[in-house]
Amino acid sequence: MSETKKFLYVNRKAPYGTIYALEALEVVLIGAAFEQDVSLAFLDDGVYQITKGQDTKDLGMKNFSPTYKALGDYDVNKIYVEQESLDARGLTLDDLLPLTWEDEDDDWAEKDSIKVISATEMAKIMEQSDVVFSF
Amino acid sequence: MKFSVMISEGPYTHQASDTAYNFTKAALEDGHECFRIFFYHDGVNNGTRLASPPQDDRNIVNRWSALAKEHKLDLVLCVAAAQRRGIADADEAKRNGKNADNIAPGFRISGLGQLIEAGIQSDRLITFGD
């Protein structure tokens with residue numbers, strides 16, 4: 001497949017309570033093998049998916065948040081977080097996992113994958129995407 | 001136009017499968033081409049032949065099977081989602097040591113790559129769910 005499309009995975013739901021976040025991450029990981037232009041968006045309660053310090057011990061569910069840190073190794077390094085969603089939940093960038101990637105064109109320098117953007121900018125990214133998955 | 005559909009909710013509890021069915025039927029009748037229907041999350045429950053809804057209600061599973069037969073649709077249940085929820089074809093049942101399968105006619109079980117491929121190959125991918 002030579003055609004490259006812009007894929008956007010929109011994550012809108014809390015990490016636990018429903019399975020959407022976990023199964024969305026499974027799609028992202030499989031999709032990474034297809035060499036498409038991939039971006040992730042986190043908004044609404046979806047911002048909780050990438051918060052630090054998740055502890056699921058008492059839930060009896062697997063804490064899958066460490067997997068997000070592997071996204072950089074899959075060349076998934078455009079991660080957009082909506083500012084308004086963070087604000088509404090009293091969160092800041094410091095509350096999020098430090099998601100990074102290594103830029104092979106810049107002597108493997110470690111760079112931040114997360115970009116906090118406004119809802120207006122998020123709308124533009126959605127508009128510019130070819131395939132939008134909403135989870 | 002070539003389109004694909006993702007259905008992410010189960011039958012009856014949620015309208016997603018009904019709306020996706022109506023959409024697909026209308027699009028096909030309008031001359032559009034359907035590349036694939038992909039069932040994910042609880043959507044895989046649309047593919048069990050063991051569903052027995054009341055006689056005076058629509059049979060969502062049979063309706064998909066019939067539409068698939070009529071239009072040679074590719075109805076794909078995600079394997080990982082299906083395993084979690086107990087939907088199996090003969091191969092999957094054997095692989096997982098189960099004594100029965102329950103996949104409905106016209107459906108097949110395959111990987112998430114089929115969803116990504118649908119996104120690449122189709123002009124539009126439409127999601128039905130929450």
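The values are calculated or read from the model by the stated rules, or taken from the named source; none is laboratory data. Everything numeric here is computed off the predicted structure, so don't read it as measured data. We place every Cβ from the backbone using ideal geometry, glycine too, and count neighbours over all the protein chains shown.
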Just checking, does segment A:6-14 include any residue being touching a Lys or Arg at 6+ places or on another chain (Cβ under 8 Å) and either within 14 Å of chain B (Cβ to nearest Cβ) or modelled with pLDDT under 95 (or both)? no
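So in segment A:38-62, with the set limited to residues that are surrounded by fewer than 14 Cβ atoms within 10 Å (Cβ to Cβ) and within 17 Å of the chain's Cα centre (by Cα), which one is farthest from A:GLU84 (Cα to Cα)? If you could, list the steps in order and put the result at the bottom.
Just the residues of segment A:38-62 that are surrounded by fewer than 14 Cβ atoms within 10 Å (Cβ to Cβ), to begin with: A:52-53, A:55-62.
Then drop every residue that is not within 17 Å of the chain's Cα centre (by Cα), which leaves A:52-53.
Details: A:LYS52: 19, A:GLY53: 22 Å.
Among residues in segment A:38-62 that are surrounded by fewer than 14 Cβ atoms within 10 Å (Cβ to Cβ) and within 17 Å of the chain's Cα centre (by Cα), the one farthest from A:GLU84 (Cα to Cα) is A:GLY53.
Quick grid of which residues meet (1) without any contact (Cβ under 8 Å) to a residue 12 or more places away in the chain; (2) more than 19 Å from A:THR18 (Cα to Cα); (3) touching a Phe, Trp or Tyr at 6+ places or on another chain (Cβ under 8 Å); (4) buried (at least 18 other Cβ atoms within 10 Å of the Cβ):
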| position | (1), (2), (3), (4) |
| --- | --- |
| B:ILE7 | no, no, yes, yes |
| B:TYR21 | no, yes, yes, yes |
| B:HIS32 | no, yes, yes, no |
| B:TYR40 | no, no, no, yes |
| B:GLN55 | yes, yes, no, no |
| B:LEU77 | no, yes, yes, yes |
| B:ALA80 | no, no, no, no |
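Restricting to segment B:18-44, name every residue that is among the charged types (D, E, K, R) and part of a helix (DSSP H, G or I). Spell out how you get there, then give the answer.
At the first step, the residues of segment B:18-44 found to be among the charged types (D, E, K, R) are B:18, B:25, B:29-30, B:33, B:36, B:42.
Within segment B:18-44, B:ASP18, B:LYS25, B:GLU29, B:ASP42 meet the criteria.
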State whether the residues of segment B:38-55 include one that is touching an Asp or Glu at 6+ places or on another chain (Cβ under 9 Å) and among the aliphatic types (A, V, I, L, M). no
Taking interchain pairs and intrachain pairs at least six residues apart, which have beta carbon atoms under 8 angstrom, with the first residue in segment A:105-117 and under 27 Å from A:ASP87 (Cβ atoms) and the second of a type in the set (Lys, Arg)? A:SER113/A:LYS78; A:LYS115/A:LYS78
In segment A:15-37, anything in contact with a Lys or Arg (Cβ under 7 Å, 6 or more places away or on another chain) and more than 9 Å from every other protein chain (Cβ to nearest Cβ) is listed as A:ALA21, A:ASP37
If a residue must be exposed (fewer than 14 other Cβ atoms within 10 Å of the Cβ), hydrophobic (A, V, I, L, M, F, W, C) and over 20 Å from A:ALA88 (Cβ atoms), how many such residues does segment A:98-125 contain? 2
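Taking segment B:21-79, which residues are of a type in the set (Lys, Arg) and more than 10 Å from the chain's Cα centre (by Cα)? Quick ask: steps written out before the conclusion?
Kept after step one, since they are of a type in the set (Lys, Arg), are these residues of segment B:21-79: B:25, B:36, B:49, B:58, B:63, B:69, B:72.
The answer is B:LYS25, B:ARG49, B:ARG58, B:ARG63, B:LYS69, B:LYS72.
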Residue count, segment B:1-53, condition of a type in the set (Asp, Glu) and more than 19 Å from B:GLY129 (Cα to Cα), comes to 3
